[in-house]
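A.B. asks: I'd like to ask some things about the structure below.
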Amino acid sequence: MPHRAAIVGAGHTRFGALAEGPRALLRGAVEEAFSSIDRGVDRTAVGEVFLATLGFGGWQIGNSSTVLSEEVGVAGAPTTRVENACASGGFAIRAAVGALATGTADLVLVGGLEKMTDVTNARRRYWLGVSGDTEWERSAGLTFAGVYGLIASAYLDLHHLGREALAEVAVKNHENGSLNPNAHFQKRVERAQVLRAPRVADPLGLYDCCPVSDGAAALLLTRADLARRYTDTPVYIDGIGAGSDFLAVQERPDPTRFRATRRAADEAFRSADRSRTGISFLEVHDCFTIAELLALDDLGFTEPGAAAALTLSGATARTGRLPVNPDGGLKAKGHPIGATGVSQAYEVFRQLRRAAGARQVPGAETALTHNVGGAGATAAVTIFSAG
Ligand code: COA
């Protein structure tokens with residue numbers, strides 16, 4: 001990548017059903033990000049601000065990014081809301097890298113936020129639905145669980161698979177979440193418990209779904225050549241890619257492949273000049289367990305359908321050959337929509353600085369994050385290294 005960037009500070013709230021409102025959540029994440037900068041920083045140095053949020057519940061749809069800048073003492077800096085549904089965070093990081101590359105700022109603040117649990121069930125369904133295709137999927141009554149359930153059925157049929165690999169994704173990610181003090185669910189589950197749980201959208205059951213969570217995360221980014229002004233242990237962004245697809249899954253030639261992910265991954269690997277074998281661990285977008293299998297295939301780590309066998313082999317466990325979602329993923333850590341992509345980069349920041357505590361991936365030197373909007377309509381992929 002012609003202009004590498006670096007993360008020099010990062011913060012994260014707990015994810016879950018929380019008492020705090022949106023402003024307090026943002027403050028919590030950003031204050032931790034500022035205080036994590038080893039050599040300190042004058043806030044007036046922040047030259048650009050991006051806020052990733054859907055605005056769930058309609059708390060502040062217009063001009064919401066100014067809430068971030070005013071809450072954390074950088075009012076005056078240019079601010080922009082980035083909204084690509086569940087991929088908002090990944091695209092906000094991409095926007096920050098762009099701002100650093102064009103020289104509009106030397107230090108950029110990225111916040112990710114969603115407050116989801118303080119609305120009624122009916123309004124929750126509405127706000128979860130707004131990022132799906134309105135003309136066909138929503139009018140047919142399809143929820144995201146419904147769309148991913150249809151994709152999962154097609155995937156299992158095509159590759160002659162049972163539900164075991166889906167269940168194994170849930171077991172693994174709950175196990176990882178049990179080691180993450182910020183995770184929404186910090187409880188282990190057994191494969192039999194996952195398989196017999198109530199169905200939400202066949203073949204997906206309760207434990208195949210991410211929860212509805214509140215939470216925020218924040219990053220401070222600078223140009224790679226400036227990073228050591230702030231810290232001796234920056235985490236570098238070596239490559240970044242993004243893509244999109246038809247909004248409605250029915251318009252796509254193959255519902256079991258996410259072309260947005262494939263395009264984003266190809267661009268990210270090309271710009272990082274790195275191969276798949278050079279990645280220590282992955283943070284992928286497992287909003288439903290099937291999505292983790294799709295991610296492994298579409299990111300190019302497995303042939304189509306082979307993600308199931310890789311998962312069942314234990315290779316994607318935290319201590320396996322290719323750890324996936326050591327923070328618990330969306331499945332167990334939680335999925336506050338706009339915060340998720342930023343949270344994935346937070347996990348990479350902790351892991352590559354060897355500061356992930358009980359969930360540390362042994363020997364992690366490089367990582368990839370994968371953030372998807374809706375059922376594959378948008379995707380952002382980022383590749384990181386410890387420097
Ligand atoms: N995974 C594991 N356990 C879950 C869970 C999940 N996703 N969601 C809820 N639970 C547990 C709760 O902790 C609670 O346990 P308890 O009885 O021991 O306290 C129990 O299940 C019931 O919780 P409740 O909040 O009443 O569940 P619900 O039926 O209202 O919602 C889902 C469950 C799966 C429908 C909901 O979490 C959901 O809609 N998830 C998908 C969100 C989504 O679509 N996001 C966008 C993705 S693109």
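A.B. asks: Which residues, taken from the range 172-203, are under 24 Å from the mean Cα position of the chain (by Cα) and either assigned to a strand (DSSP E or B) or away from the ligand (no atom under 12 Å from the Cβ) (or both)? Break it down stepwise before answering.
C.D. replies: Within the range 172-203, the subset under 24 Å from the mean Cα position of the chain (by Cα) is 172-189, 194, 200-201, 203.
Answer for the range 172-203, where residues must be under 24 Å from the mean Cα position of the chain (by Cα) and either assigned to a strand (DSSP E or B) or away from the ligand (no atom under 12 Å from the Cβ) (or both): Lys172, Glu175, Asn176, Ser178, Leu179, Asn180, Pro181, Asn182, Val200, Ala201, Pro203.
A.B. asks: Here is a further query. Assigned by TED's automatic domain parsing to the domain that holds Leu158, crowded, with 24+ Cβ neighbours inside 10 Å, hydrophobic (A, V, I, L, M, F, W, C) and closer than 18 Å to Leu113 by Cα, is that true of Ala268?
C.D. replies: In short, no.
A.B. asks: Would a scan of the range 281-301 turn up a residue that is among the polar types (S, T, N, Q), open to solvent by 10 Å² or more (accessible area, probe 1.4 Å), in the same structural domain as Ile337 (by TED's automatic domain parsing) and more than 18 Å from Phe91 (Cβ to Cβ)? Write out each step before concluding.
C.D. replies: Taking the range 281-301 first, the residues among the polar types (S, T, N, Q) are 289.
Next, from what is left, pick out any that are open to solvent by 10 Å² or more (accessible area, probe 1.4 Å): none.
No: zero hits.
A.B. asks: Hey, another quick one. Going through the range 204-253 one residue at a time, which ones are assigned to a loop (DSSP other than H, G, I, E, B) and within 12 Å of the ligand (Cβ to nearest atom)?
C.D. replies: Cys210, Pro211, Val212, Ser213 - these are the residues of the range 204-253 that are assigned to a loop (DSSP other than H, G, I, E, B) and within 12 Å of the ligand (Cβ to nearest atom).
A.B. asks: Then there's this: Looking at the structure I just gave you, is Gly149 part of a loop (DSSP other than H, G, I, E, B), open to solvent by less than 40 Å² (accessible area, probe 1.4 Å), farther than 28 Å from Leu18 by Cα and modelled with pLDDT of 95 or more?
C.D. replies: In short, no.
A.B. asks: Would you please name the residue that is most open to solvent (accessible area, probe 1.4 Å), looking only at residues in the range 311-331 that are of a type outside the set (S, T, N, Q) and closer than 18 Å to Glu164 by Cα? Show your work before the answer.
C.D. replies: Going residue by residue through the range 311-331, those that are of a type outside the set (S, T, N, Q) are 312, 314-315, 317-318, 320-324, 326-331.
Applying the additional criterion that residues be closer than 18 Å to Glu164 by Cα yields 312, 314-315, 317, 324, 331.
Working: Leu312: 84, Gly314: 33, Ala315: 10, Ala317: 35, Val324: 1, Lys331: 5 Å².
The selected residue is Leu312.
A.B. asks: Pairs please, first residue from the range 35-61 and among the hydroxyl-bearing types (Ser, Thr, Tyr), second anywhere and open to solvent by 40 Å² or more (accessible area, probe 1.4 Å), Cβ atoms under 8 Å, 6+ apart in sequence or on different chains.
C.D. replies: What qualifies is Thr53/Arg81; Thr53/Glu83.
A.B. asks: Restricting to the range 198-211, name every residue that is among the aliphatic types (A, V, I, L, M) and either within 14 Å of Ala332 (Cβ to Cβ) or open to solvent by 30 Å² or more (accessible area, probe 1.4 Å) (or both). Talk me through it step by step, then tell me what you get.
C.D. replies: Looking only at the range 198-211, we keep the residues that are among the aliphatic types (A, V, I, L, M), and these are 200-201, 204, 206.
Result: Val200, Leu206.
A.B. asks: Same structure, new question: Does Ala10 meet the test of being closer than 30 Å to Gly239 by Cβ, assigned to a strand (DSSP E or B) and open to solvent by less than 10 Å² (accessible area, probe 1.4 Å)?
C.D. replies: Considered against the rule, which asks whether it is closer than 30 Å to Gly239 by Cβ, assigned to a strand (DSSP E or B) and open to solvent by less than 10 Å² (accessible area, probe 1.4 Å), Ala10 comes out as yes.
A.B. asks: Which of the numbered conditions does Ala307 fail, given that it passes all the others? Conditions: (1) under 22 Å from Gly373 (Cβ atoms); (2) open to solvent by less than 10 Å² (accessible area, probe 1.4 Å); (3) touching a strand residue (DSSP E or B) at 6+ places or on another chain (Cβ under 8 Å).
C.D. replies: It is condition (3) that Ala307 fails.
A.B. asks: What is the residue count in the range 249-265 for residues that are in contact with a Lys or Arg (Cβ under 8 Å, 6 or more places away or on another chain) and either open to solvent by less than 50 Å² (accessible area, probe 1.4 Å) or not assigned by TED's automatic domain parsing to the domain that holds Leu352 (or both)?
C.D. replies: Residues that pass the stated criteria total 1.
A.B. asks: Could you tell me which residue of the range 100-128 is nearest to the ligand (Cβ to nearest atom), considering only residues that are of a type in the set (A, V, I, L, M) and open to solvent by less than 10 Å² (accessible area, probe 1.4 Å)?
C.D. replies: The residue in question is Met116.
The values are calculated or read from the model by the stated rules, or taken from the named source; none is laboratory data. Bear in mind that the values here come from a model prediction, so they are computed numbers and not experimental data. Cβ sites come from the backbone with ideal geometry, for glycine too, and all protein chains shown count toward neighbours. Ligands, DNA and RNA are stripped out before the accessible areas are found, and what is left, the full protein with its side chains, is counted by its heavy atoms. Shrake-Rupley method; radii C 1.70, N 1.55, O 1.52, S 1.80 Å.
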